[in-house]
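*Asks:* Would you mind keeping the following structure in view while I ask a few things?
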Amino acid sequence: MKILAIGNSYSQDGTRYIHEIAAADGVDILTKNLVIGGCSLERHHNNILSGENAYYLEINGKMVAENVPLLETLLSEDWDIISIQQQSSSSMDFATFQPHLDAIVDYLRYHRPNAKLALHQTWAYIDDAAFLADFGVKCANEMFLKVKSSYAQAAKAANIDIIIPSGQAMENLRLANASPIYRDPIHASLGLGRYTLSLVWYSLLTGKDIAENSFNAFDEPVSDENIAIAKKAASDAVKMYR
């Protein structure tokens, strides 16, 4: 399977371990990730129009190049899955998705008509009322519900094939009182958080059962207890969106 993510630091979080989780099952997955920190759909759209060499390129979770144009990577493989996402701080507002999402979808379908298109659902920030107030919400759950609604609307409006429920998985971790979920107020932790997100991508896109997956080579330690919590959080999220 070949996966292209067009995103930002959230797509970095989501795709870090996919190929290694897959390898533990004897599955071959190639993941390329085009990254601009904090990038919005509007900026991705503008980059398509301008052809700007604006992206960092990751392959299987490792940075390999910078100043890369989107089209070059889009044409580099016959992609099975192409994911896109909104900037996390704008993800609560469906109005910010358009007209950029439609334009990006048309562009991707023109160049790679056989690929399935996915929306990578972002997640709520750390549950700190003072921090979240700057974004117009009172708690993490309220932020997530707004994100969930926006992504559902966006997927329907743009005829997207798949929603990757990373936000739901992070919410499941939060409700399970798992820790550490975050490495700062908005990004997934390098171990438990990123592992859970990559399990979501892998399970949803391949249909594989992750219960017995043996991968455990994390960038920071994840306890056996948290591995079990991560698998449940990811599986429960995938069941809701499969």
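*Asks:* Out of all the residues in segment 157-170, which are among the small types (Gly, Ala, Ser) and either surrounded by 15 or more Cβ atoms within 10 Å (Cβ to Cβ) or free of Cβ contacts under 8 Å to residues at least 24 places away in the same chain (or both)? Give the steps one after another, and end with the answer.
*Replies:* Step one: filter segment 157-170 for residues among the small types (Gly, Ala, Ser), giving 157-158, 166-167, 169.
Ala158, Ser166, Gly167, Ala169, listed by residue number.
*Asks:* Count, please, the residues in segment 171-192 that happen to be open to solvent by 40 Å² or more (accessible area, probe 1.4 Å), of a type in the set (A, V, I, L, M, F, W, C) and over 18 Å from Ser90 (Cα atoms).
*Replies:* 3
*Asks:* Across segment 201-242, what is the number of residues that are among the basic types (Lys, Arg) and either open to solvent by less than 50 Å² (accessible area, probe 1.4 Å) or in a helix (DSSP H, G or I) (or both)? Step through it out loud before you land on a result.
*Replies:* Quick first cut of segment 201-242, residues among the basic types (Lys, Arg) only: 208, 231-232, 239, 242.
Those left that are additionally either open to solvent by less than 50 Å² (accessible area, probe 1.4 Å) or in a helix (DSSP H, G or I) (or both): 231-232, 239.
The qualifying residues number 3.
*Asks:* Something else about it: Any residue that is under 25 Å from Lys32 (Cβ atoms), open to solvent by less than 60 Å² (accessible area, probe 1.4 Å) and either out of contact with any helix residue (DSSP H, G or I) (no Cβ under 7 Å at 6 or more places or on another chain) or not in a helix (DSSP H, G or I) (or both) - is there at least one of those in segment 136-156?
*Replies:* Scanning segment 136-156, I find at least one residue that is under 25 Å from Lys32 (Cβ atoms), open to solvent by less than 60 Å² (accessible area, probe 1.4 Å) and either out of contact with any helix residue (DSSP H, G or I) (no Cβ under 7 Å at 6 or more places or on another chain) or not in a helix (DSSP H, G or I) (or both), so the answer is yes.
*Asks:* Let me ask something else. For segment 117-133, state whether one or more residues are open to solvent by 50 Å² or more (accessible area, probe 1.4 Å) and within 25 Å of Ser198 (Cβ to Cβ). Spell out the reasoning first.
*Replies:* Keep residues of segment 117-133 that are open to solvent by 50 Å² or more (accessible area, probe 1.4 Å), which gives 126-131, 133.
Remaining after also requiring within 25 Å of Ser198 (Cβ to Cβ): 126-127.
Taking every residue of segment 117-133 in turn, at least one turns out to be open to solvent by 50 Å² or more (accessible area, probe 1.4 Å) and within 25 Å of Ser198 (Cβ to Cβ).
*Asks:* What number of residues within segment 1-51 satisfy the criterion of being in contact with a strand residue (DSSP E or B) (Cβ under 8 Å, 6 or more places away or on another chain), surrounded by fewer than 24 Cβ atoms within 10 Å (Cβ to Cβ) and charged (D, E, K, R)?
*Replies:* Counting residues in segment 1-51 that are in contact with a strand residue (DSSP E or B) (Cβ under 8 Å, 6 or more places away or on another chain), surrounded by fewer than 24 Cβ atoms within 10 Å (Cβ to Cβ) and charged (D, E, K, R) gives 2.
*Asks:* Among the residues of segment 173-187, write down those that are among the β-branched types (Val, Ile, Thr) and over 17 Å from the mean Cα position of the chain (by Cα). Spell out the reasoning first.
*Replies:* Step one: of segment 173-187, the residues among the β-branched types (Val, Ile, Thr) are 181, 186.
Residues satisfying the conditions do not exist here.
The values are calculated or read from the model by the stated rules, or taken from the named source; none is laboratory data. These numbers come from a predicted model, not from an experiment. Please note: Cβ atoms are built from the backbone with ideal geometry, for glycine as well, and neighbour counts cover all protein chains shown. The area values use the complete protein model at the heavy-atom level, side chains included, leaving out ligands, DNA and RNA. Shrake-Rupley method; radii C 1.70, N 1.55, O 1.52, S 1.80 Å.
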